[in-house]
Structure formats: C-alpha cells, structure tokens
Amino acid sequence: MKTSDQPAYEILALRYATTDLMRPRRENFFPGMDLHDGEMPLDYYVWVIRGEGRCLLVDTGFGTEAASTRHRTLLHQPTDLLQRAGIQPAKISDVILTHLHYDHAGNLDRFPKARFHLQEDEMRFATGRNMCHACLKAPFECRDVTQAVEIVFDGRMVFHDGDTEIFPGIEVFRIGGHSGGLQVVRVSTARGKLVLASDAFHFTENRLRRAPFPIVYHVGEMLDGFARCETLAGGDPDLLIPGHDPDVGLRWPALSPDLPDIVRLDLPPQTKFQY
Ligand SMILES: [Zn+2]
Ligand SMILES: [Zn+2]
C-alpha cells in the first residue's frame, strides 16, 4: 500500500479503438496453444498519469489512416478523448512510449512540444536490420518511426537504457519478448504501485496460461516478462493492467457516467478478479 512519502497519481485508461467482435480466440495465442472456438476481441488504450503537478501520457494510439488500412474500429481519435477528459494534448509535457508499434506510437505530431521517453533498444530495433523481415516490421508504421526519428533530431527524445525512475513514483522497466525494447510503467497510487504492462501481455489470459500473444520477438523473454510483471505488481492482479484486454474497461469505474470509454485505474476495480 501507499506510504506517506510516495506520490499518489490518478491513472486513466482511455479506450480509443477496438477490433471486429468476431475475432477468433486462436488469433490471440501462440500457435497451437488455444484450440477453443469462440470470439475474443481486442481493445486499444492509451493511458494518462496525472497528479503531483504533472500530466503524462503513456502511448499515443493510432489514427484514422491506420484504422482503415488495418481494419480496426477507431472509436475516438485519442486526442479527442484526452480533451473529453479535460486534458489539452498540447499541454502534455511528457509522453512515455512503451514501444513503437502502430497502435502505441501513432499521432506523434499531435504532441509537438512534448518530451518523449523510449528505450534505446526499441529505436535500434525499429530502425535496424530486423525491419528487413516482413513479420517483424508488420506491427510498425514507417511514418511513426520516421516521426520518432524527427523527435530525436528535434531534441525531444529521452532514451532510457533499462529500468529507471522518470519522476518520483513513475518508473519504467524494460521487458523483453514482444518487441526490441518494450518498457512497462509502474506508477505509485493511493492503492499501491500499479503496473501498466502494455504489450508485455495483451490479455490477462496470456499471462495466466503462459501462452504468449503471437506477435513475439523472443518467446523465452516474453515468458520471463510475465513473471517479472507479476513481481513488479507485488503479486496483486488488480495492480497489473494488460495492454489490450476489454476486461479493463469493464471492471474499473468510469471517469464519469457520460465517458464510459475512460476508466480510473487508481481506484479499486468494481468486480472481483476471476479467471
Ligand atoms: Zn505491440
Ligand atoms: Zn499493442
């Protein structure tokens, strides 16, 4: 639990997009690890950390173009959703990019003043020889990566090399497996240290069954990453937030009744953890 010397941030999960509701379950697990029939749609989120006089964004989502070419349903332009939460995108000082996949690192030009935080390994991965392979470059958009490079030249990229504390009570940890340099974010809240796991695991079921999502660079590191995330969250599943699980939007309370796609993760979930 929170101790008196730790900050207590508010954390919002903003659900900005979703997939076809008929997406088959087997598409969400390593080949052969799920043979059940049925549907298992994904949701897409960006996250806000605010309090202690600062307001940070974690990931920037995608826009209409990627939604169209990749056949995703854009429910809201992420910056519109931020504004509905009372946040002016232009005033965001810091953006943590968990990694550079299209659904996490689009819309970068909508934050022209922000400083960005990225693992150096991720930039190396997204601009190096691995992008010569179709299956590894598939989750990236060249335009997002080139905009990230422009941010480097503009002097607004802060590279991290492994685990570090960015601000008091806001830490990043490098987790292998999904991409070249994914980082998860751990935030101090009134109910404990909460881990935004991003794509360390897409669904809680990926983690619990040790059955990786099929977008994976290193299977062993991804499996080790599941355990590391659990340790970072102190073993409390309610403090461990998956990257794409519709369960997040269903279990946590809405910011307000007219904003059901924005939930408060710093508050306790409304229903018990059960799988
Ligand atoms: Zn990803
Ligand atoms: Zn993702």
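The values are calculated or read from the model by the stated rules, or taken from the named source; none is laboratory data. Note that the structure is predicted; figures quoted are calculated from it, not measured. All Cβ positions, glycine included, derive from the backbone under ideal geometry; neighbour counts span all protein chains shown. For accessibility, only protein heavy atoms count, side chains too; no ligands or nucleic acids. Shrake-Rupley method; radii C 1.70, N 1.55, O 1.52, S 1.80 Å.
Residue pairs whose Cβ atoms lie under 7 Å apart, separated by 6 or more positions or on different chains, with the first residue in the stretch 207-233 and in contact (Cβ under 8 Å) with a residue 60 or more places away in the chain and the second of a type in the set (Asp, Glu) and open to solvent by less than 30 Å² (accessible area, probe 1.4 Å), are ALA211/ASP34. For the stretch 100-125, a residue qualifies if it is in contact with a Phe, Trp or Tyr (Cβ under 6 Å, 6 or more places away or on another chain) and assigned to a helix (DSSP H, G or I), and exactly one does: GLU120.
Yes or no, residue by residue, for (1) of a type outside the set (Val, Ile, Thr); (2) at pLDDT 95 or above; (3) closer than 19 Å to LEU56 by Cα:
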site	(1), (2), (3)
HIS160	yes, yes, yes
ASP163	yes, yes, yes
VAL172	no, yes, yes
THR189	no, yes, yes
LEU232	yes, yes, no
ILE241	no, yes, yes
VAL263	no, yes, yes
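Within the stretch 213-256, take every residue that is more than 16 Å from the chain's Cα centre (by Cα) and within 16 Å of ligand 2 (Cβ to nearest atom) and give me the one that is surrounded by the fewest Cβ atoms within 10 Å (Cβ to Cβ). Among those residues, the one meeting the criterion is PRO214.
For the stretch 173-187, the criterion of being over 23 Å from ALA134 (Cα atoms) and of a type in the set (Ser, Thr, Tyr) is met by no residue. Considering the stretch 131-146, the residues that are part of a helix (DSSP H, G or I) and surrounded by fewer than 14 Cβ atoms within 10 Å (Cβ to Cβ) include one that is modelled with the lowest pLDDT, namely CYS135. Taken residue by residue, the stretch 23-33 has at least one member that is part of a strand (DSSP E or B) and either open to solvent by less than 20 Å² (accessible area, probe 1.4 Å) or modelled with pLDDT of 85 or more (or both).
I'd like to verify a number: residues in the stretch 139-152 that are free of Cβ contacts under 8 Å to residues at least 12 places away in the same chain and within 15 Å of ligand 1 (Cβ to nearest atom), how many? Final tally of qualifying residues: 0.
Residues that are more than 30 Å from PHE153 (Cα to Cα), away from ligand 1 (no atom under 16 Å from the Cβ), part of a loop (DSSP other than H, G, I, E, B) and open to solvent by 10 Å² or more (accessible area, probe 1.4 Å): does the stretch 60-69 have at least one? No, the stretch 60-69 contains no residue that is more than 30 Å from PHE153 (Cα to Cα), away from ligand 1 (no atom under 16 Å from the Cβ), part of a loop (DSSP other than H, G, I, E, B) and open to solvent by 10 Å² or more (accessible area, probe 1.4 Å). Quick one: how many residues across the stretch 182-212 are in contact with a Pro (Cβ under 6 Å, 6 or more places away or on another chain), within 13 Å of ligand 2 (Cβ to nearest atom) and of a type in the set (Val, Ile, Thr)? Final tally of qualifying residues: 0.
Scan the stretch 153-191 for residues that are in a loop (DSSP other than H, G, I, E, B), small (Gly, Ala, Ser) and either open to solvent by less than 10 Å² (accessible area, probe 1.4 Å) or within 14 Å of ligand 1 (Cβ to nearest atom) (or both) and report the count. Residues meeting the conditions: 5. Scanning the stretch 153-190 for residues that are among the charged types (D, E, K, R), touching a residue at least 24 places away in the same chain (Cβ under 8 Å) and within 17 Å of GLU120 (Cβ to Cβ) turns up ARG156, ASP161, ARG174. The numbered conditions (1) more than 23 Å from CYS229 (Cβ to Cβ); (2) crowded, with 23+ Cβ neighbours inside 10 Å are all true for LEU118 except (1).
Within the stretch 260-267, can one find any residue that is charged (D, E, K, R) and in contact with an Asp or Glu (Cβ under 6 Å, 6 or more places away or on another chain)? Working first, answer last.
Applying the first criterion (charged (D, E, K, R)) to the stretch 260-267 yields 261, 264, 266.
Filter once more, so that each one left must be in contact with an Asp or Glu (Cβ under 6 Å, 6 or more places away or on another chain): 266.
Taking every residue of the stretch 260-267 in turn, at least one turns out to be charged (D, E, K, R) and in contact with an Asp or Glu (Cβ under 6 Å, 6 or more places away or on another chain).
Would you check if HIS99 is within 16 Å of ligand 1 (Cβ to nearest atom) and either at pLDDT below 95 or open to solvent by less than 70 Å² (accessible area, probe 1.4 Å) (or both)? So HIS99 fits the description; yes.
Looking at the stretch 79-96, which of the residues that are in contact (Cβ under 8 Å) with a residue 40 or more places away in the chain and over 25 Å from ILE175 (Cα atoms) is farthest from ligand 1 (Cβ to nearest atom)? I'd like the intermediate steps shown before the answer.
Applying the first criterion (in contact (Cβ under 8 Å) with a residue 40 or more places away in the chain) to the stretch 79-96 yields 81-82, 84-85, 94, 96.
Filter once more, so that each one left must be over 25 Å from ILE175 (Cα atoms): 81-82, 84-85.
Values: LEU81: 20, LEU82: 21, ARG84: 25, ALA85: 24 Å.
Filtering first and then ranking leaves ARG84.
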